[in-house]
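Engineer: Sending over a structure as structure tokens; questions will come in a sec.
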Amino acid sequence: MSVEFHGLIPSSDHLHLDGRALFSEVTISSPFRRTPAEPSGELTKLKRAVRPHLAKLVPPAAPLEGCPGIGDQWPDSVQIYDYLIAYKFSLSESLEVSVRFPSLCCQLYESPYEAQLWAVFDAHKRLVTFGDYYPSAQRLPAGEYEVRLQVRHSKVELLQKLRHMPMMLHLTLAAPVKLGFHWSRSDALGSPPQGKPSTRLILEAASRLELYVTNPKPPEIAEPGDTLTGTWTLAKLAPEVLGSSTRPSGWPVSLIVPPKEIKEKEDTPADDEADASDPTSEGALDEAVRAVRIGQLAKLSAAIKKLQPPTP
């Protein structure tokens, strides 16, 4: 029996794309043998952090009629308090949404809090979906939504520490965003390549090469500060080669959405006419200053003539 290894390795297990730059750089290597590299990747999900707009402490529940005790009071006079935290978000299109609280998720018996229950309500205050410790995704139509998180504990100070805890929304994009890969800085900057551009390149054994990944245009629903996530792969082997042609699950990649582009306003004749009619505009001020100067010149000219001696 013989075993042969092949494949390409990136310099980082997680490719972080900086949205403030035009491209990012990563080093790939072929440690075993001659391997063709043909990188490809796409961004498929969006992560958005949402701050709460409401947080309030709910008084302990009163005991039921005919039942002993003091409602939410446990033995040894331990009083349980409810803390309600509310978040708002909106969708411009129907998307698959997953509500998560990273500080609390995936903690059941290890959680310091007694309960973690959340529910999503639409603009008409109708219950849409709900969950607890473990995240789950559900498709929601476009509209306004509110998420209410309920947490319970016997100490009020521990509950109030969650007052500003962000909620994380995981949205599945309607269409994947493709990544661009280049083998030189000039290509990444948009310089015309010599001949037909290609992302396929052969790496010799024990060699390294720099790969440049250009930042794609974020989708319309993305806002500054959001994070786009997805996967990317490096190699595509020939069909006759045994084994997987790419890393089965791909390498993780993320992009921080930068501030949106500022569109320059074009001057039009209508805008010029509006400025002329507006007494507070810069153009109207210039015209007023010009008129005052001309008036002062006329007065100065008349005063000079009076001072001149009469001609004999």
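Engineer: Can we say Tyr212 is in contact with a Phe, Trp or Tyr (Cβ under 7 Å, 6 or more places away or on another chain) and in the same structural domain as Ser29 (by TED's automatic domain parsing)?
Structural biologist: On the way: in contact with a Phe, Trp or Tyr (Cβ under 7 Å, 6 or more places away or on another chain): yes; in the same structural domain as Ser29 (by TED's automatic domain parsing): yes.
Yes: the conditions hold for Tyr212.
Engineer: So Tyr134 ticks every box in (1) in the same structural domain as Val58 (by TED's automatic domain parsing); (2) under 19 Å from the mean Cα position of the chain (by Cα); (3) hydroxyl-bearing (Ser, Thr, Tyr) but one. Which box is left unticked?
Structural biologist: The failed condition is (2).
Engineer: With the requirement that a residue be aliphatic (A, V, I, L, M), modelled with pLDDT under 90 and closer than 26 Å to Asn215 by Cβ, what does the stretch 1-21 give you? If you could, list the steps in order and put the result at the bottom.
Structural biologist: From the stretch 1-21, those aliphatic (A, V, I, L, M) are 1, 3, 8-9, 15, 17, 21; that's our starting set.
Imposing the further condition that a residue be modelled with pLDDT under 90 reduces the set to 1, 3, 8-9, 21.
Selection gives Leu8, Ile9, Ala21.
Engineer: Specify which of the listed residues (Leu91, Leu104, Leu117) is more than 24 Å from the chain's Cα centre (by Cα) and of a type in the set (A, V, I, L, M, F, W, C).
Structural biologist: Values: Leu91 fails: more than 24 Å from the chain's Cα centre (by Cα); Leu104 fails: more than 24 Å from the chain's Cα centre (by Cα).
So the residue among Leu91, Leu104, Leu117 that is more than 24 Å from the chain's Cα centre (by Cα) and of a type in the set (A, V, I, L, M, F, W, C) is Leu117.
Engineer: Follow-up question, since we're still on this one. As an exercise: evaluate His170 against (1) modelled with pLDDT under 95; (2) within 30 Å of Lys217 (Cα to Cα); (3) crowded, with 16+ Cβ neighbours inside 10 Å and give the number of the one condition it does not meet.
Structural biologist: The single condition His170 does not satisfy is (1).
Engineer: Next question. Could you tell me which numbered condition Glu144 fails, if it satisfies all but one of (1) closer than 20 Å to Pro102 by Cβ; (2) modelled with pLDDT of 95 or more?
Structural biologist: Going through the list (1) closer than 20 Å to Pro102 by Cβ; (2) modelled with pLDDT of 95 or more, Glu144 breaks only (1).
Engineer: For Leu234, which of the numbered conditions (1) assigned to a loop (DSSP other than H, G, I, E, B); (2) modelled with pLDDT of 65 or more; (3) under 17 Å from His6 (Cα atoms) fails to hold?
Structural biologist: Every condition holds for Leu234 apart from (1).
Engineer: Hey, among Pro63, Pro36, which residue is part of a strand (DSSP E or B) and modelled with pLDDT under 90? Talk me through it step by step, then tell me what you get.
Structural biologist: Values: Pro63 fails: part of a strand (DSSP E or B).
Unique residue meeting the criteria: Pro36.
Engineer: Here is a further query. Which condition number in (1) in a loop (DSSP other than H, G, I, E, B); (2) modelled with pLDDT of 90 or more; (3) aliphatic (A, V, I, L, M) is the one that Val120 fails?
Structural biologist: (1)
Engineer: Of the residues that sit in the stretch 237-266 and are assigned to a loop (DSSP other than H, G, I, E, B) and surrounded by 17 or more Cβ atoms within 10 Å (Cβ to Cβ), which one is modelled with the highest pLDDT? Before the answer, list the steps.
Structural biologist: Filtering the stretch 237-266 for residues assigned to a loop (DSSP other than H, G, I, E, B) gives 237-250, 257-266.
Keeping just the survivors that are surrounded by 17 or more Cβ atoms within 10 Å (Cβ to Cβ) gives 246, 257.
Details: Thr246: 66, Val257: 93.
Checked the stretch 237-266; the qualifying residue modelled with the highest pLDDT is Val257.
Engineer: Hand me the list of strands (runs of 3 or more DSSP E) wholly inside the stretch 137-192 holding 2 or more residues that are farther than 21 Å from Leu22 by Cβ.
Structural biologist: Numbers: elements: 137-140, 143-153, 167-178, 180-182.
Output list reads 137-140, 143-153, 167-178.
The values are calculated or read from the model by the stated rules, or taken from the named source; none is laboratory data. Source: prediction; values computed, not measured. Counting neighbours? That spans all protein chains shown, and the Cβs are built from the backbone with ideal geometry, glycine included.
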